[in-house]
Amino acid sequence: MKKISLTIIALFMAIILFAGSYAGDFMVIGTGVRAAGMGGAFAAIADDASTIYWNPAGLSQIRKIEIGLMRAFLYQNLAAYDNFNYCQPLPNNVTIGVNWTRLTIDDIPVFLEDHLVYNVDYRSSFQEYNLPGIPDGQIKSTDDVLQFAFSKHIHYNINLGWLFFDLPFDVNFGANIKYIKRDIDGNVGSGTGFDFGLMARTSLAVLFERDWLGDAKFGVNFQDVGGTTVTWEVENDNSDRTDEILFNSKMGFAVEQPLDFINSTALLSYDIDYIYEQTHHFGLEYRYKDRFALRSGLYDKNISAGISIKLYDFIVDYAFITNVLAHTNRVGLRIRL
C-alpha cells in the first residue's frame, strides 16, 4: 500500500489501546446498550437480542420476537458503531437469531508517500521540501460482522435425595457462526468464526428454603473457538495476508433478586474476560415493574451508566461509558412482539 494516513493510524491506535493489537479489536467493543450500561457484565444474563454477541446460549430465554437497533458514537464522533439484531422463537424451547454489527470511519485524510523524498533533516533545512500538511484525498474504513445463532433451553428437577426436595435447574446452550469483513480503502479482509455458549440458572429460594430469595445464574461464552483467520486481498499485491483473531472466553455470574415490597427487581452481575489481559466487569441493574430501569457498571477503570423506558412493546435504551480515549454515548431501541 502506497498510501499513508496519519489520521487512520491515530484512530486505529485508539481501538488498539482499547482492545489489543489484534485483528478482532473492533469486535471487543461489544453490542447492545443495556449490556454496555452494566459495564459489559452480561454473559450470565444475556436475555435480550444482544445476547447473540454476549452469550448465544441466552438466546433461548427470549420467547417473543425481538428486534434491536443500536447506534454508538465513538472517539468524539470520529466513528459510528451500528448494530441490528433479530430473534425468532421456535417450538421446543428453541430460538434462532441474526446479528449485524458495523464500525464505520469516514473521511480519513490520506497523505501520499510522494512527499517523502528527503529525510527529516534535509526538509528542515529547505522549506520548499517540507511536508505540505494538506491531505491528498480521503478514504473510508468499514468493519462488518454478521452472526447467525441458535439456542436451546432444557429444564431439569435435580433430586437431592437426602435433602428431600427437587432443585429446579435450567440449562441453555447455543452457538453462532460469524462472517467478518473488513474494508480499508478497497483492501478487503474476510473470515469466518464460531462461538459457543452455556448458561445455567437455579432458584436460591428452593436451595436455601427462603421464599424471598431470587435466582443464581452462571454463563460462559467461548468466542472464536479454535481461532479465526482474516485473509486480506490487497490491491496491487498478489500475495494474501492473514491476521488472527484470538480465542476468548467470557465467564459470568449473576444474582437476580425480586424486591416485591416495592414491585422491583435488582440484578447484580460479574464477568471476567480472558483475552489479552484479564478484564473484570461489574454490573448493577434496578428494574421497576419492567417499565423503567436504571443501571451502572465498572470495567478496566471505566465507568458506565444507563437507563431504559418501556412503552407498550417498545423499549428505549441509553448508555454512557467513560473511557480514557473518549467518552461514548449509545442509544438503542428494542421491539418485542
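The values are calculated or read from the model by the stated rules, or taken from the named source; none is laboratory data. As the structure is a computational prediction, the values presented were derived from the model and not from experiment. With ideal geometry, Cβ positions are generated from the backbone for all residues, glycine too; neighbour counts draw on all protein chains shown.
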Being of a type in the set (A, V, I, L, M) and under 9 Å from Gly37 (Cβ atoms) is the filter here; which residues of the stretch 295-329 pass it? Ala305, Ile307, Ala319, Ile321
So which residues in the stretch 142-176 are of a type in the set (S, T, N, Q) and at pLDDT below 90? Asn157, Asn159
Would you pick out the residues in the stretch 193-217 that are closer than 29 Å to Leu146 by Cβ, of a type in the set (A, V, I, L, M) and touching a residue at least 40 places away in the same chain (Cβ under 8 Å)? Leu198, Met199
Considering only helices (runs of 4 or more DSSP H) wholly within the stretch 3-87, the ones with at least 2 residues that are touching a Lys or Arg at 6+ places or on another chain (Cβ under 7 Å) and modelled with pLDDT of 80 or more are 34-37
Condition first: touching a residue at least 12 places away in the same chain (Cβ under 8 Å), within 24 Å of Ile62 (Cβ to Cβ) and among the hydroxyl-bearing types (Ser, Thr, Tyr). Can you find one or more residues in the stretch 156-166 that meet it? yes
Pick from the stretch 98-110, criterion touching a residue at least 60 places away in the same chain (Cβ under 8 Å) and buried (at least 16 other Cβ atoms within 10 Å of the Cβ), ranking: nearest to the chain's Cα centre (by Cα): Thr101
With criteria (1) under 19 Å from the mean Cα position of the chain (by Cα); (2) in a strand (DSSP E or B); (3) crowded, with 17+ Cβ neighbours inside 10 Å, Ile275 comes up short on (2)
Quick one: is Glu113 of a type in the set (Asp, Glu) and either surrounded by 21 or more Cβ atoms within 10 Å (Cβ to Cβ) or modelled with pLDDT of 95 or more (or both)? no
Could you say which residue among Leu90, Leu69 is without any contact (Cβ under 8 Å) to a residue 12 or more places away in the chain, out of contact with any Pro (no Cβ under 9 Å at 6 or more places or on another chain) and surrounded by fewer than 22 Cβ atoms within 10 Å (Cβ to Cβ)? Leu90
